[in-house]
1. Rounded to the nearest 0.05, what FRET efficiency is calculated for Lys208 and Arg130 with R0 set to 30 Å and r the Cβ-Cβ distance?
2. By average Cβ neighbour count within 10 Å, what is the ranking of 66-76, 143-153 from highest down?
3. Multiply the residue gap between Ser70 and Lys320 by 0.36 nm, knock off their C-alpha separation, and tell me the result in nm, one decimal place.
4. How much length would be gained if the chain were fully extended between Arg347 and Arg78, taking 0.36 nm per residue of separation minus their Cα-Cα distance, in nm to one decimal?
5. Please report the base-10 log of the normalised intensity I(q)/I(0) for region 179-294, using a Debye sum with one equal scatterer per alpha carbon and no solvent, at each q in 0.12, 0.14, 0.20 (1/Å).
6. If packing is taken as the mean number of other Cβ atoms within 10 Å per residue, what is the order of 172-181, 82-91, highest first?
7. What fraction of the Cα pairs in region 278-358, stated in percent, has a spacing above 18 angstrom?
8. Measure nothing but the geometry: give the 0 to 90° angle between the long axis through the Cα atoms of 83-100 and the longest principal axis through the Cα atoms of the chain, rounded to 10°.
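We did not get these values from a lab; they are worked out from the coordinates using the rules stated. Remember, it's a predicted structure, so these values are computed and weren't measured experimentally. Cβ: placed from backbone, ideal geometry, glycine included. Neighbour counts: every protein chain shown.
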Amino acid sequence: MPLLPMADNITGMINKSAGIFLCLLIIPLLSSPGHIMAQSYDGYMDSVKAGLLVEAQRVLFNDRFEAADSLYSVFIERYPDDPAGYFYKAAALLGEMSDREENLYPEQFKHLLDTVELLTAGRFESEAPRTRAWMYLFSGHARSYRSLWEARFGSLLSAVRTAFKARSDYDEGLKQDSTLFDLYLGLGSYHYWKSARAGIFRWLGIFKDEKDLGVAELYEAWRHSTISRESARAALVWVWLDIEEYDSVITITREALEKYPEGKSFLWPLAQAYFEKKDYKSALDTYRKLRLMIAPAPGNYFNLIECDYYLNRCFDKLEKTDEARRTARDFKAYLDKVPDETRRKQRLNIEHLKRAART
């Protein structure tokens with residue numbers, strides 16, 4: 001699952017598109033098996049459930065979307081009344097849509113989230129407080145993902161409204177059980193990105209600056225959560241990128257890539273951190289790796305354009321004029337295949353590459 005910040009979205013964070021203000025959740029990935037197995041289980045989250053979810057996380061981080069979907073289907077078959085399987089199946093779909101920058105499965109995605117909300121609503125009053133807290137967690141996550149989908153493919157106003165409802169679910173979950181630290185992943189993401197992207201709304205006093213609170217909550221989730229430690233650490237990568245802590249981004253993403261060498265989600269922030277740090281050789285190598293992974297199935301060409309734009313800029317910074325020009329001309333070879341929607345979103349990068357091809 002690519003990581004989606006509770007802000008513009010992942011592509012905005014890495015300059016894939018113009019920034020838009022919204023408050024969204026970073027996709028809650030699961031923790032590594034070592035973290036999970038070190039936890040004590042409660043009446044709701046047992047070792048069998050955790051094991052299935054951990055295995056699905058491993059393949060999903062490696063961009064093996066179909067395999068992850070199959071594992072979540074197994075979870076749903078075993079636990080048909082548990083919202084977790086439906087939620088993570090929806091999360092995998094959004095991860096794939098985000099990875100490809102295409103609205104591939106809107107109806108299936110929405111149906112899965114509807115199921116999550118229906119199943120959680122039925123257990124808010126009938127369960128023990130700890131289980132109710134879990135239900136509020138998944139209800140909040142479902143609303144966060146619905147908000148994220150709206151921000152990327154639908155209505156920005158709907159995205160913001162739904163994000164506020166998600167925050168309320170997380171708050172209510174903590175009232176039920178303040179020791180379910182997984183809830184701090186959602187709250188920390190909300191508080192940081194709401195503050196970081198509020199702009200004039202914060203200046204007018206409509207939103208408070210709660211970035212420090214958000215970071216503190218993410219650290220709590222990283223240290224103490226049951227199934228969200230890896231997620232919280234990944235969330236902090238995007239925070240560090242936002243506050244220009246590039247060395248931290250590089251360290252954490254390189255560690256993650258040792259676990260998930262087939263995935264692209266950690267390569268994007270790594271490439272951006274290298275570029276912003278002016279380590280253009282390392283940025284060049286990382287964008288080249290991304291391009292090799294994207295080129296066989298470019299989809300709507302959004303990500304391929306992104307790579308070519310940064311490859312061209314890296315070559316320019318390294319004063320490799322011929323390579324920079326060749327990258328721009330390679331881009332022109334597929335420009336006729338680029339859909340109108342991608343052309344609109346990537347207008348500035350396309351104009352840059354067109355100019356570079358003429359020099």
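1. Efficiency for this residue pair is about 0.50.
2. 143-153, 66-76
3. 85.4 nm
4. Contour length minus Cα-Cα distance gives 92.1 nm.
5. Log10 I(q)/I(0), no solvent term: -0.49, -0.65, -1.04.
6. 82-91, 172-181
7. In whole percent, the share of Cα-Cα pairs in region 278-358 beyond 18 Å is 36.
8. 10 degrees
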